[in-house]
Amino acid sequence: MDTALRWFLAVALLMTAGCGTSSTPRAGTPTPTTTASTEPEYTYGRLQLESGEIRYWCAGEGEPAILLEAGTDAPGTTSFGRPFTLPLAARTTVCTYDRPGTGSSSRAPERRRGLEDLCVVQDQVIAALGLSPPYVLAGQSGGGNLSIGCAARHPERTAALVTIDSYHDDPAQMRAWQREGEFDWRENPEHVDYVRGYTDVLDRLPMPIGTFPVLVFSATRADPGGVENQRFWLGLSPSSTQVVVEGGHNLHQQHPEQLAERILGLLAELRS
């Protein structure tokens with residue numbers, strides 16, 4: 001065998017050995033795998049409803065679903081951050097939306113509106129998203145008041161109710177302020193009469209409104225007397241609990257993990 005042939009065969013053997021080594025993992029070496037992210041995916045979209053075009057997002061899977069209502073004149077799709085919603089979406093379906101007149105949803109109708117109108121929109125959103133009752137209604141500030149009113153309309157569809165620093169307003173005081181020029185429905189983007197169409201309605205609710213669990217989160221550093229004021233909502237159900245949290249009005253932004261943990265505890269009770 002000449003020198004050139006011997007050199008060619010030696011190189012070929014080395015190349016074959018090298019290929020064999022790379023195709024077989026060495027003992028103790030992890031086999032590479034592709035792991036899908038376990039973080040819930042947020043789906044954004046728009047609903048074409050009788051009440052107009054509604055911007056929304058949903059995340060997670062499971063029941064009972066949680067529908068989040070933002071505070072007065074605030075868009076839901078930007079009010080609830082991921083530190084608060086991710087733990088919830090890891091366990092169940094979570095959705096929120098921009099009510100007409102807020103965020104990137106359609107403008108509110110040019111007329112005086114009340115709690116009934118907002119609950120009709122909520123009903124349309126729930127139906128369009130395919131959320132099966134019973135579901136959990138949860139709202140911050142004025143969104144909590146809205147959640148209370150809608151739960152009272154449909155107690156049979158409500159698995160639980162959560163309010164986050166939502167006040168029980170005094171109708172007499174609200175009417176006095178309205179006479180002084182405040183709370184004109186034309187001056188808020190949702191066109192809601194927060195006296196005759198809202199506060200008066202909530203104040204006349206027959207208590208209790210249901211037997212489902214109610215969580216009342218109250219802030220220590222919001223308006224003076226807020227914790228005491230919100231004890232009124234303990235009458236919403238015989239299964240009501242007030243949770244006092246150190247902080248200001250936007251507890252879901254200041255203590256998102258703490259609130260999410262308590263809501264997940266409620267969810268576990270509903271599933272047990």
- Does segment 42-51 contain any residue that is modelled with pLDDT of 95 or more, of a type outside the set (Val, Ile, Thr) and crowded, with 21+ Cβ neighbours inside 10 Å? no
- Quick check, is Ser166 at positive phi, in contact (Cβ under 8 Å) with a residue 60 or more places away in the chain and not charged (D, E, K, R)? no
- Item | Which numbered condition Leu205 fails, given (1) over 27 Å from Thr85 (Cα atoms); (2) touching a residue at least 24 places away in the same chain (Cβ under 8 Å); (3) touching a helix residue (DSSP H, G or I) at 6+ places or on another chain (Cβ under 6 Å); (4) assigned to a helix (DSSP H, G or I) | (4)
- Within segment 208-221, track down each residue that is within 17 Å of Gly142 (Cα to Cα) and either part of a helix (DSSP H, G or I) or hydroxyl-bearing (Ser, Thr, Tyr) (or both). Ser218
- Message: Six or more apart or on different chains, Cβ atoms under 7 Å: show the pairs whose first residue is in segment 68-84 and over 12 Å from Asp98 (Cβ atoms) and whose second is of a type in the set (D, E, K, R).
- Response: Pro83/Glu257
- Message: Looking only at segment 209-248, filter to residues that are surrounded by 14 or more Cβ atoms within 10 Å (Cβ to Cβ), more than 21 Å from the chain's Cα centre (by Cα) and among the β-branched types (Val, Ile, Thr); which one of those is nearest to Ala160 (Cα to Cα)?
- Response: Ile209
- Item | Hits in segment 101-143 - residues which are among the hydroxyl-bearing types (Ser, Thr, Tyr), farther than 22 Å from Pro64 by Cα and surrounded by fewer than 19 Cβ atoms within 10 Å (Cβ to Cβ) | Ser104, Ser106
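The values are calculated or read from the model by the stated rules, or taken from the named source; none is laboratory data. The structure presented is a predicted model; accordingly, all values stated were derived computationally and were not measured. All Cβ positions, glycine included, derive from the backbone under ideal geometry; neighbour counts span all protein chains shown.
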